[in-house]
Every structure is written in structure tokens, then in C-alpha cells.
Amino acid sequence: MPHPAPHEWLETTIGEIARIRRGASPRPIDSPLWFADEGPGWVRITDVTRSNGRLRSTEQYVSRKGAMRSVAVYPGQVIMSICATIGEPVVLEMEACIHDGFVVFDRYEKNAFSRFLYHFLKFSTEKFRSAGQTGTQANLNTGIVRETKLFLPPLREQYRIAEILDTIDEAIQKTEALIEKLKGMKQGLLHDLLTRGLDERGKLRDPKTHPEKFKDSPLGRVPIEWDLVTIDDIAIHVGSGATPRGGNEVYKTSGVMFVRSQNVTFNGLTVEDIVYISSKMHEHMRRSAIYPYDVLLNITGASIGRCCYFPVGLGEANVNQHVCGIRLPSPSRDDAVYLSSVLSSWIGQHQVDIFNAGGNREGLNYEQLRSFLIPWPDREERFMIARALSSHDTKINIEKAFVDKLRLLKKGLMHDLLTGKVRVSVPMEERRC
């Protein structure tokens with residue numbers, strides 16, 4: 001049963017406290033007449049989704065003629081997408097123009113604080129999306145937006161609620177920025193480790209001070225101790241599977257894990273969209289079974305080249321024909337990390353691109369994959385490199401887990417604060433303002 005709103009909150013609708021206007025699009029939309037190098041921003045959904053709730057810039061700008069055929073919006077106003085990607089609001093911090101895929105909310109200042117309205121609209125995103133009319137693309141009727149009910153606290157309480165939610169958003173944004181920074185640092189670390197390696201002290205070799213410790217190779221300059229091998233030289237198994245006959249009906253909600261190309265990512269194996277097959281089907285497809293620390297590489301389709309390793313603890317598994325499993329003689333986590341990192345790096349991806357040149361729909365065959373060149377230090381150095389990469393991944397994963405907790409916290413806070421289930425304190429002096 002819904003929690004009753006506090007008695008001093010106003011029960012109303014969005015249409016009763018704000019004017020809602022739909023944008024307009026100049027036609028033909030692709031005419032250069034409507035656009036310019038400067039002027040009001042031309043808001044597109046990509047601008048909104050990357051804005052973190054505050055629109056400060058757009059990728060395109062409209063000309064004076066374009067602005068006359070659109071709808072002008074101004075700093076402080078709130079806009080929301082109502083077409084295709086439905087229910088994405090943002091508060092404007094610039095002058096802009098919106099097309100008919102957006103609505104603008106204004107004339108609400110006496111009743112609502114902009115950031116509070118933004119958070120309420122964000123809280124209602126799923127509701128708006130479920131109410132969207134389907135067709136060639138989803139659209140949200142502005143009448144539905146107007147009739148959406150909300151409970152409106154006094155302005156000072158709205159400000160406090162928005163302040164709390166903004167603080168959580170800021171923490172999420174900073175953590176996401178840190179994750180992106182760590183990912184960028186990993187690329188630099190990966191380049192150094194795969195071109196310079198680590199000496200017996202675990203330090204990067206220096207090609208400038210000790211050029212004699214490096215040699216030329218088809219992959220560029222590498223440490224002189226390193227071998228250059230092919231996958232065929234080091235693997236005891238290279239092979240993919242097949243899609244079971246019977247279509248989606250053969251997939252189960254439990255049983256033996258069946259790995260498809262969408263499960264193989266550069267950030268590891270994802271089981272969010274995993275399916276299962278029966279034990280009987282698995283036995284019939286034993287040739288394509290995969291085991292812990294097998295390296296998985298997508299060999300066809302749009303995701304060709306994506307690579308990770310199959311971790312321990314997931315039980316028996318199988319792959320379809322779009323995923324190739326590579327098995328080393330003595331599988332270990334460190335070698336799986338090392339080989340999947342090489343294949344995911346510019347070294348492996350360049351070789352994928354060469355064999356897939358011209359958009360070859362057939363993808364990679366086993367002969368091509370077996371011929372891939374791999375820099376191959378001795379076992380101890382491979383393991384040191386793998387552990388350095390794993391240590392950096394751990395830092396990234398810690399921050400990812402933290403941002404997930406923040407998102408979960410925000411979801412709970414939005415429900416509690418925007419419904420009045422949990423009240424915020426407003427100092428007495430502010431209540432009198």
C-alpha cells in the first residue's frame with residue numbers, strides 16, 4: 001500500500017503547477033540553413049544523457065532561422081525527452097532550442113524548485129517509458145505528462161530534498177570520472193607492460209637507457225628475452241561451438257551455462273544475459289565445452305575481437321559458434337589474464353582488423369586465429385605482468401562496486417524523499433523565509 005504523503009504537502013499534477021510545451025523541428029531537418037557554428041544550442045538526446053542533469057553545452061548550434069522554427073528554452077528551465085529515449089530530464093544552464101522530441105516545463109517557479117522538479121521527473125522515468133506509445137519509435141503523449149500526479153512539499157523542503165539528491169549525483173559523477181581515469185591509466189600501463197615488460201625486480205625496463213636489452217620484431221621493439229609465438233604454438237585447443245537446434249526453446253533458466261557473444265566483453269564475462277542448456281545437450285556438444293581459464297574470443301559479428309577469460313566457479317559451460325575458446329596446456333589465472341590482455345590490446349585487435357578487413361561477414365577462421373602473433377615472456381614475467389594488470393583491475397572494480405552502491409542508495413532515497421516517507425529537517429529560520 002502506498003505511503004500517505006505528509007498532510008502539508010500539496011497533492012497536484014505536473015500540468016497544474018507548470019506549463020508544458022512541446023518543441024518544434026525545422027523542415028527539412030538536415031538542411032544547413034538551420035544550423036550555425038555559434039548561437040543557441042540544438043538539444044539532442046545525446047546531449048542530455050551525457051549532461052549529468054545539468055545541460056551546459058551541446059554538440060550543435062542553431063542559426064537565427066533555425067531558432068525561429070524551433071522552441072527556445074532558457075537557463076533554469078527543465079526539459080524532458082518524450083520520443084525514442086523517453087523520460088530523460090535535464091535542467092538548462094544555457095540558452096538552447098528543442099525539437100519536437102522534447103517538452104519544456106516553465107512557469108512553475110512559485111510552486112516548484114527546478115532541481116526538485118528534475119529529480120521528480122527522473123524518479124518517474126520508468127513510469128513515463130511504460131506509458132509511451134509504441135510504433136516505429138516510442139512516443140510519450142504530453143497529456144500523460146500533464147496528468148502525472150505528484151505531492152509537492154513546501155519550497156524550502158523541496159530545496160533540501162534536491163540538495164541531498166544532488167550530493168549523491170555529484171558523488172556518482174566523481175566516481176564515474178575516476179573509473180574512466182583508471183581505465184585510461186590501464187591502457188597506458190598495458191602498453192608499457194607489453195612493450196617493455198618487467199625485469200627481475202618487477203620494474204619496467206627502460207629502452208632509452210638500455211637499448212641493448214630490446215630487439216626488433218614484427219610487433220615492434222620488445223625485450224630481447226621475449227619469444228614471439230603464435231596461438232598455435234602455445235594452445236592445445238582452439239575451437240568454437242554451435243547454436244543448438246530448436247531456437248530459443250532449447251534455452252533454459254538453469255542447467256549448463258551457454259556462453260554467447262554478448263556475454264564476452266573486454267571487461268570480463270557478463271552473466272546478466274546468460275542462458276542455459278540441458279545436461280543432455282551439453283553432453284552432445286562436448287567438443288565445444290569450455291573450462292576455467294579458457295580464453296574466449298568473439299570471432300564473428302559486430303562484437304568480433306571482444307575477449308576475456310572464463311573464470312573459475314561457474315561450473316560446466318559451453319559456447320556457440322560465434323565464440324572461440326583457446327586453452328593452454330597448463331591453464332592458470334595469470335596466463336589467462338595475460339593472453340586475454342594481449343588479445344584485447346592493440347596487438348590482438350590489429351590482427352583481428354587485418355583478417356577482418358573489408359567487413360568480412362565470415363569473421364575469423366581457426367587457421368587465421370592460430371596464426372596470431374603473441375609476445376611471450378617466460379612464465380615468471382608473464383605472471384608478474386598479469387598480476388600488475390589484475391591489481392589495476394581490482395582498483396577499477398572497487399570503484400565500480402562503490403558507484404553501484406551509490407546508485408542503489410540514490411534509488412532508495414528518491415523513493416523515500418520524493419514520497420515523504422522520510423522527511424528532511426528544515427531549520428526554523430528557513431521555514432519563516
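The values are calculated or read from the model by the stated rules, or taken from the named source; none is laboratory data. Just so you know, these numbers come straight off a predicted model, no measurement behind them. With ideal geometry, Cβ positions are generated from the backbone for all residues, glycine too; neighbour counts draw on all protein chains shown.
Which residues, counting only those in the stretch 94-128, are farther than 28 Å from Gly412 by Cβ and in a loop (DSSP other than H, G, I, E, B)?
Passing the criteria: Met94, Glu95, His99, Asp100, Gly101, Arg107, Glu109, Lys110.
Pairs under 7 Å by beta carbon, first residue of a type in the set (D, E, K, R) in the stretch 365-392, partner part of a strand (DSSP E or B), six or more apart or different chains?
Partner pairs satisfying both residue conditions: Arg370/Thr230; Arg370/Val238; Glu381/Leu198.
Within the stretch 42-86, how many residues turn out to be touching a residue at least 40 places away in the same chain (Cβ under 8 Å), buried (at least 22 other Cβ atoms within 10 Å of the Cβ) and more than 24 Å from Gly132 (Cβ to Cβ)?
Of the residues in that region, 1 qualify.
Would the stretch 371-386 turn up any residue that is over 27 Å from Leu204 (Cα atoms) and among the acidic types (Asp, Glu)?
No, that holds for no residue.
For the stretch 345-355, check the following and say yes or no: at least one residue is in a loop (DSSP other than H, G, I, E, B), β-branched (Val, Ile, Thr) and closer than 18 Å to Ala386 by Cα.
No: zero hits.
Listed residues Lys181, Lys174, Lys186; which is closer than 23 Å to Gly348 by Cβ and not in a loop (DSSP other than H, G, I, E, B)?
None of the others qualify; the one that does is Lys186.
If His282 satisfies every condition in (1) of a type outside the set (S, T, N, Q); (2) modelled with pLDDT under 90; (3) surrounded by fewer than 20 Cβ atoms within 10 Å (Cβ to Cβ) but one, which is the exception?
All conditions pass for His282, except number (3).
Give the stretch 403-422 a look and list any residue that's surrounded by 15 or more Cβ atoms within 10 Å (Cβ to Cβ) and closer than 28 Å to Arg333 by Cα, or say none.
Val403
With out of contact with any helix residue (DSSP H, G or I) (no Cβ under 7 Å at 6 or more places or on another chain) and either at pLDDT 95 or above or of a type in the set (Val, Ile, Thr) (or both) as the only criterion, which of Glu362, Glu399, Glu381 stands out?
None of the others qualify; the one that does is Glu381.
If Arg287 satisfies all but one of (1) surrounded by fewer than 16 Cβ atoms within 10 Å (Cβ to Cβ); (2) part of a loop (DSSP other than H, G, I, E, B), what's the number of the condition it fails?
(2)
Quick check on the stretch 215-262: of everything there that is under 23 Å from Gly363 (Cα atoms) and among the charged types (D, E, K, R), which residue is surrounded by the most Cβ atoms within 10 Å (Cβ to Cβ)?
Among residues in the stretch 215-262 that are under 23 Å from Gly363 (Cα atoms) and among the charged types (D, E, K, R), the one surrounded by the most Cβ atoms within 10 Å (Cβ to Cβ) is Arg260.
Are there any pairs with C-beta distances below 8 angstrom linking a residue in the stretch 267-287 that is in the same structural domain as Val319 (by TED's automatic domain parsing) and of a type in the set (Phe, Trp, Tyr) to a residue that is in a loop (DSSP other than H, G, I, E, B) and surrounded by fewer than 17 Cβ atoms within 10 Å (Cβ to Cβ), with the two at least 6 apart or on different chains, and if so which?
Listed pairs, sorted by first residue: Tyr276/Thr253; Tyr276/Ser254.
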